[in-house]
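**Student:** Structure in structure tokens, see below.
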Amino acid sequence: MQHLTVVNHPLVQHKLTLMREQDTSTAVFRQLLREISQFLAYEVTRELPMTTKKINTPLQEMDAPVLAGRKLALISILRAGNGLLDGMLELIPSARVGFVGLYRDEETLKPVQYYFKVPDELGERMVIAVDPMLATGNSSVAAIDLLKQAGATNIRFLCLLAAPEGVARMQEAHPDVPIVTAALDSHLNEKGYIVPGLGDAGDRMFGTK
Ligand code: URA
């Protein structure tokens with residue numbers, strides 16, 4: 001898989017435009033995120049290992065394709081990552097789910113872990129870390145550091161929007177982790193927001209300010 005995949009399907013791009021609009025309500029924003037997450041999940045799971053099993057159709061026996069190996073792990077980077085989970089779990093209901101919570105230390109500006117709970121045997125699973133916004137990349141890089149320390153070796157990163165700065169930071173720190181996104185935006189502003197972006201994804205999906 002290439003390092004950055006932008007899912008430029010017309011339905012994804014149309015839904016993303018609706019999400020970006022400032023007047024889109026919390027309920028509609030959440031529903032659109034759920035819908036787009038399924039297109040992104042479709043793309044990010046392209047290389048799931050397959051095997052075959054013998055089944056009987058009404059006409060004959062066949063060797064039919066099925067997923068192989070351990071169930072994949074979806075890892076939500078709190079809190080905005082949770083907005084991507086429901087839609088992805090509809091598509092992949094047997095996936096295991098983990099959570100990584102990080103906050104930014106205001107003195108060092110470094111991400112600090114406050115929560116970490118992930119499925120066992122991470123090294124035997126495809127691990128998909130999810131966070132809607134890849135902005136500076138600091139928390140994404142830190143979350144992936146933690147997943148690697150926990151044994152993950154086959155990791156992908158799924159986001160709704162990416163900034164070039166975040167993509168570069170990830171490429172430098174974790175060149176082995178492919179990124180799947182719906183759009184690569186222009187740049188980060190001085191406050192670390194993606195431009196043109198959609199604002200604070202967590203606030204928009206949870207109705208907070
Ligand atoms: N996080 C957000 O929610 N929005 C941004 O634009 C950047 C980081």
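**Student:** Among the residues in the range 106-114, are any open to solvent by 50 Å² or more (accessible area, probe 1.4 Å), in contact (Cβ under 8 Å) with a residue 40 or more places away in the chain and either out of contact with any helix residue (DSSP H, G or I) (no Cβ under 9 Å at 6 or more places or on another chain) or under 17 Å from Arg34 (Cβ atoms) (or both)?
**Tutor:** Checked the range 106-114: no residue is open to solvent by 50 Å² or more (accessible area, probe 1.4 Å), in contact (Cβ under 8 Å) with a residue 40 or more places away in the chain and either out of contact with any helix residue (DSSP H, G or I) (no Cβ under 9 Å at 6 or more places or on another chain) or under 17 Å from Arg34 (Cβ atoms) (or both).
**Student:** For the range 134-146: of the residues being crowded, with 23+ Cβ neighbours inside 10 Å and among the aliphatic types (A, V, I, L, M), which is farthest from the ligand (Cβ to nearest atom)?
**Tutor:** Ile144
**Student:** Sticking with this structure for a sec: Select from the range 180-209 the residues that are part of a helix (DSSP H, G or I), within 10 Å of the ligand (Cβ to nearest atom) and more than 12 Å from Leu134 (Cβ to Cβ) and list them in ascending order.
**Tutor:** Gly202, Asp203, Arg204, Met205
**Student:** Would a scan of the range 139-147 turn up a residue that is among the acidic types (Asp, Glu) and assigned to a loop (DSSP other than H, G, I, E, B)?
**Tutor:** no
**Student:** On to the next question. Can you name the residue in the range 1-24 that is open to solvent by less than 40 Å² (accessible area, probe 1.4 Å) and among the hydroxyl-bearing types (Ser, Thr, Tyr) and is also nearest to Gly199 (Cα to Cα) among such residues?
**Tutor:** Among those that are open to solvent by less than 40 Å² (accessible area, probe 1.4 Å) and among the hydroxyl-bearing types (Ser, Thr, Tyr), it is Thr24.
**Student:** If a residue has to be outside any strand (DSSP E or B), hydrophobic (A, V, I, L, M, F, W, C) and modelled with pLDDT of 95 or more to count, how many in the range 87-126 make the cut?
**Tutor:** Within the range 87-126, the subset outside any strand (DSSP E or B) is 87-95, 105-110, 118-125.
Of the ones still in play, those that are also hydrophobic (A, V, I, L, M, F, W, C) are 88-89, 91-92, 95, 109, 118, 122.
Then drop every residue that is not modelled with pLDDT of 95 or more, which leaves 88-89, 91-92, 95, 118, 122.
Result for the range 87-126: 7.
**Student:** Look at the range 25-70 and say how many of its residues are among the hydroxyl-bearing types (Ser, Thr, Tyr) and exposed (fewer than 13 other Cβ atoms within 10 Å of the Cβ).
**Tutor:** Matching residues across the range 25-70 total 4.
The rows are residues; the columns are (1) under 16 Å from the mean Cα position of the chain (by Cα); (2) over 19 Å from Val100 (Cα atoms).
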site	(1), (2)
Val130	yes, no
Val141	yes, no
Ile144	yes, no
Leu161	yes, yes
Asn189	no, yes
Phe206	no, no
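**Student:** Under 8 Å between Cβ atoms, which residue pairs at least 6 apart in sequence (or on different chains) link something in the range 50-75 that is closer than 26 Å to Pro132 by Cα with a partner that is open to solvent by 90 Å² or more (accessible area, probe 1.4 Å)?
**Tutor:** Qualifying pairs under 8 Å: Arg70/Glu124; Lys71/Arg96; Leu72/Arg96; Ala73/Arg96; Leu74/Arg96.
**Student:** State which residue pairs qualify: first residue outside any helix (DSSP H, G or I) and inside the range 1-25, second residue open to solvent by less than 30 Å² (accessible area, probe 1.4 Å) and of a type in the set (Ser, Thr, Tyr) in any location, beta carbons under 8 Å apart, and separation of 6 or more residues or different chains.
**Tutor:** What qualifies is Leu4/Thr181; Thr5/Thr181; Val6/Thr181; Val7/Thr181.
**Student:** Would you confirm whether or not the range 156-175 contains a residue that is within 25 Å of Phe39 (Cα to Cα), open to solvent by less than 10 Å² (accessible area, probe 1.4 Å) and of a type in the set (Val, Ile, Thr)?
**Tutor:** No - not one qualifying residue is present in the range 156-175.
**Student:** If a residue has to be charged (D, E, K, R) and within 20 Å of Met170 (Cα to Cα) to count, how many in the range 108-144 make the cut?
**Tutor:** Qualifying residue count for the region: 2.
**Student:** Starting from the range 184-207, keep only residues that are without any contact (Cβ under 8 Å) to a residue 60 or more places away in the chain and within 13 Å of Leu160 (Cα to Cα), then list their pairs with residues that are more than 9 Å from the ligand (Cβ to nearest atom) and assigned to a helix (DSSP H, G or I) whose Cβ atoms are within a distance under 9 Å, requiring at least 6 positions of separation or different chains.
**Tutor:** Sorted first by the residue in the range 184-207, then by its partner, the pairs are Asp185/Pro164.
**Student:** Let me ask something additional. For the condition part of a loop (DSSP other than H, G, I, E, B) and either near the ligand (Cβ under 10 Å from one of its atoms) or within 25 Å of Leu146 (Cβ to Cβ) (or both), what is the one hit in Val167, Val177?
**Tutor:** One residue alone meets the criteria, Val177.
The values are calculated or read from the model by the stated rules, or taken from the named source; none is laboratory data. Since the model is a prediction, treat every value here as computed from it, not as a measurement. Don't worry about glycine lacking a Cβ; one is built from the backbone with ideal geometry, like all the others, and counts go over all protein chains shown. SASA here: full protein model, heavy atoms, side chains in, ligands and nucleic acids out. Shrake-Rupley method; radii C 1.70, N 1.55, O 1.52, S 1.80 Å.
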